[in-house]
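**Student:** There's a structure below that I have some questions on.
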Amino acid sequence: MAIPSDPKQVKQICFDRINIPDVNRLAVARKHGAYEFLPTVLSEFDSARIIDEVKTSGLRGRGGAGFPTGLKWSFVPRNTGKPTYLLCNADEGEPGTFKDRDIMRFDPHLLIEGMIMAGFALGVHDAYIYVRGEFLHEVNVLNAAIAEAYEANLLGENILGSGYGMHLTVHRGAGAYICGEETALIESLEGKPGRPRFKPPFPAVEGFYRSPTVVNNVETLATVPAILKFGGDWHAAIGIPNNTGCKIFSVSGHVNKAGNYEVPMGTSLKTLIEEHCGGLQHGSAPKVVIPGGSSTPWLTAEHYDTPLTYDDMMKAGSMLGSGAIIVMDETADVVAMSRRLAHFYAHESCGQCTPCREGTGWLERVMTRVENGQGTEEDMSVLSEAATHMAGRTICALADGAAAPILSMLQHFPEEVRARLLEKAA
């Protein structure tokens with residue numbers, strides 16, 4: 001398998017080698033193109049050229065926020081007298097998201113190669129992969145691949161005789177959802193409790209150990225080798241303007257074939273579900289689609305044809321987020337689902353901000369009351385006010401994520417919630 005040089009023929013980038021047996025081993029990965037273009041990058045490219053290519057590519061961060069990657073790299077100050085760090089965010093704690101672990105599990109050398117190229121562009125000599133604590137298998141695969149890369153002089157000092165050196169370390173977190181937020185990740189990596197920092201200063205200026213730091217998602221970094229090999233214009237020609245390239249979507253719920261699917265940006269939600277996932281299990285239209293992980297607002301059947309882009313999802317009232325698409329049909333109990341998500345966010349709040357620390361607990365308690373038949377219609381107002389006053393009033397977006405399912409439930413299914421209250425009361 002090989003990524004086509006014609007952008008019109010490209011169907012996937014990060015998953016191009018993923019089904020090749022034993023591609024996690026260096027010999028097999030190199031046979032199929034791994035590190036093939038790295039000597040050229042190290043000998044013929046400089047920092048400015050790499051960053052310009054990534055800017056031209058239009059690559060936006062695949063971790064959730066969708067910030068332009070090349071622009072993010074350009075914010076890093078030079079000649080500060082401090083080291084610059086590159087951190088790979090492999091925490092992947094967003095419910096419904098399971099794409100990054102497949103890259104680490106099946107094609108770790110793609111991630112390593114992308115980190116070397118990014119590190120070279122940024123002048124990084126020490127890089128880290130921060131992995132969610134539960135990913136023991138992925139950590140073992142990554143460490144084995146890194147050991148092979150060191151042995152082949154793809155990591156360490158004077159990589160391939162280029163004069164550039166970079167060391168790469170895997171760090172396991174303790175499974176805290178909040179450490180998917182970049183500043184909480186940095187705090188955790190420094191050995192402190194994983195709690196978000198106030199911004200500014202932003203990590204690009206003052207991050208890991210108060211030094212310039214770039215934090216990128218696994219999928220983002222794994223896209224870099226193809227961009228540098230084929231060029232930024234090549235990547236920009238895939239997908240649609242401002243939403244270029246391919247994106248991995250983790251699809252779960254009431255679909256016939258749940259799993260990870262990499263498709264060009266701009267593919268419609270309906271096409272992904274009907275053609276790639278085999279449609280819904282019971283053949284009906286979806287009742288609820290959560291398009292970007294559990295922290296994003298819900299969509300309904302009227303949004304079924306929405307293109308999968310950052311901009312179109314925003315217009316539809318939601319976010320593309322991490323690309324975790326949770327599909328639910330008419331059998332879904334929106335009250336039970338919302339209560340379960342409320343429990344998750346109450347458990348995962350770091351407790352630093354009062355609206356989140358207290359508000360997530362309020363949401364869980366009220367939703368539990370409603371689900372157990374002990375609620376009243378007044379609880380709908382309580383839920384709405386509590387969720388509304390939480391969102392946008394905390395250091396990070398966890399409170400917004402906790403509020404999203406509650407507000408979506410009340411917006412799209414108020415009669416179902418009200419009927420549930422009356423049914424239980426009777």
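**Student:** Of these, V327, V335, which one is touching a His at 6+ places or on another chain (Cβ under 6 Å) and either over 17 Å from R418 (Cα atoms) or among the aliphatic types (A, V, I, L, M) (or both)?
**Tutor:** Criteria check complete, one pass: V327.
**Student:** Restricting attention to the stretch 392-404, and to residues there that are of a type outside the set (V, I, T) and over 19 Å from the mean Cα position of the chain (by Cα), which single residue is nearest to G93 (Cα to Cα)?
**Tutor:** A403
**Student:** If you don't mind, another one. Which one is surrounded by the most Cβ atoms within 10 Å (Cβ to Cβ), of the residues in the stretch 319-339 that are assigned to a loop (DSSP other than H, G, I, E, B) and charged (D, E, K, R)?
**Tutor:** Taking the candidates together, the pick is D329.
**Student:** Go through the stretch 224-248 and give me each residue that's part of a helix (DSSP H, G or I) and surrounded by fewer than 24 Cβ atoms within 10 Å (Cβ to Cβ).
**Tutor:** Answer for the stretch 224-248, where residues must be part of a helix (DSSP H, G or I) and surrounded by fewer than 24 Cβ atoms within 10 Å (Cβ to Cβ): K229, F230, G232, D233, W234, A236.
**Student:** Among the residues of the stretch 98-114, are any among the acidic types (D, E), under 21 Å from I18 (Cβ atoms) and in a loop (DSSP other than H, G, I, E, B)?
**Tutor:** yes
**Student:** All but one of (1) surrounded by 13 or more Cβ atoms within 10 Å (Cβ to Cβ); (2) within 23 Å of R62 (Cα to Cα); (3) over 23 Å from the mean Cα position of the chain (by Cα); (4) not basic (K, R) hold for N24; state the number of the condition that does not hold.
**Tutor:** That leaves (3) as the condition not met.
**Student:** Among the candidates G231, G191, G245, which residue alone is among the small types (G, A, S) and not assigned by TED's automatic domain parsing to the domain that holds T40?
**Tutor:** Only one candidate passes the filter, namely G245.
**Student:** Give the number of residues within the stretch 44-98 that are among the charged types (D, E, K, R), out of contact with any Pro (no Cβ under 8 Å at 6 or more places or on another chain) and surrounded by fewer than 20 Cβ atoms within 10 Å (Cβ to Cβ).
**Tutor:** The number of residues fulfilling the criteria is 5.
Residue-by-condition table, conditions (1) in the same structural domain as N79 (by TED's automatic domain parsing); (2) under 22 Å from S43 (Cβ atoms); (3) in contact with a His (Cβ under 7 Å, 6 or more places away or on another chain); (4) of a type in the set (K, R):
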{"position": "Y128", "(1), (2), (3), (4)": "yes, no, yes, no"}
{"position": "R132", "(1), (2), (3), (4)": "yes, no, no, yes"}
{"position": "G165", "(1), (2), (3), (4)": "yes, yes, yes, no"}
{"position": "T169", "(1), (2), (3), (4)": "yes, no, no, no"}
{"position": "C179", "(1), (2), (3), (4)": "yes, no, no, no"}
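**Student:** Please find, among E181, E219, E138, the residue that is within 28 Å of T97 (Cα to Cα), surrounded by 22 or more Cβ atoms within 10 Å (Cβ to Cβ), in contact (Cβ under 8 Å) with a residue 24 or more places away in the chain and in contact with an Asp or Glu (Cβ under 7 Å, 6 or more places away or on another chain).
**Tutor:** The conditions single out E219.
**Student:** Please work out which one of (1) more than 22 Å from L422 (Cβ to Cβ); (2) part of a helix (DSSP H, G or I); (3) small (G, A, S) is the condition A342 fails and give its number.
**Tutor:** (1)
**Student:** Output the number of the condition that A174 fails; it satisfies all remaining conditions of (1) surrounded by fewer than 19 Cβ atoms within 10 Å (Cβ to Cβ); (2) under 30 Å from T40 (Cα atoms).
**Tutor:** (2)
**Student:** If you go through the stretch 348-357 one residue at a time, do you hit one that is closer than 22 Å to F98 by Cβ, outside the structural domain of Q281 (by TED's automatic domain parsing) and of a type outside the set (K, R)?
**Tutor:** Among the residues of the stretch 348-357, at least one is closer than 22 Å to F98 by Cβ, outside the structural domain of Q281 (by TED's automatic domain parsing) and of a type outside the set (K, R), which makes the answer yes.
**Student:** Moving on to the next point. Would you say L160 is over 25 Å from P203 (Cβ atoms), in contact (Cβ under 8 Å) with a residue 60 or more places away in the chain and surrounded by fewer than 24 Cβ atoms within 10 Å (Cβ to Cβ)?
**Tutor:** For L160, the condition - over 25 Å from P203 (Cβ atoms), in contact (Cβ under 8 Å) with a residue 60 or more places away in the chain and surrounded by fewer than 24 Cβ atoms within 10 Å (Cβ to Cβ) - is met.
**Student:** So for the stretch 291-304 (the condition being surrounded by fewer than 19 Cβ atoms within 10 Å (Cβ to Cβ) and outside any helix (DSSP H, G or I)), does at least one residue qualify?
**Tutor:** Yes: one or more hits.
The values are calculated or read from the model by the stated rules, or taken from the named source; none is laboratory data. The structure displayed is predicted, hence computed values, not measured ones. Glycine also receives a Cβ, built like all others from the backbone with ideal geometry; neighbour counts cover every protein chain displayed.
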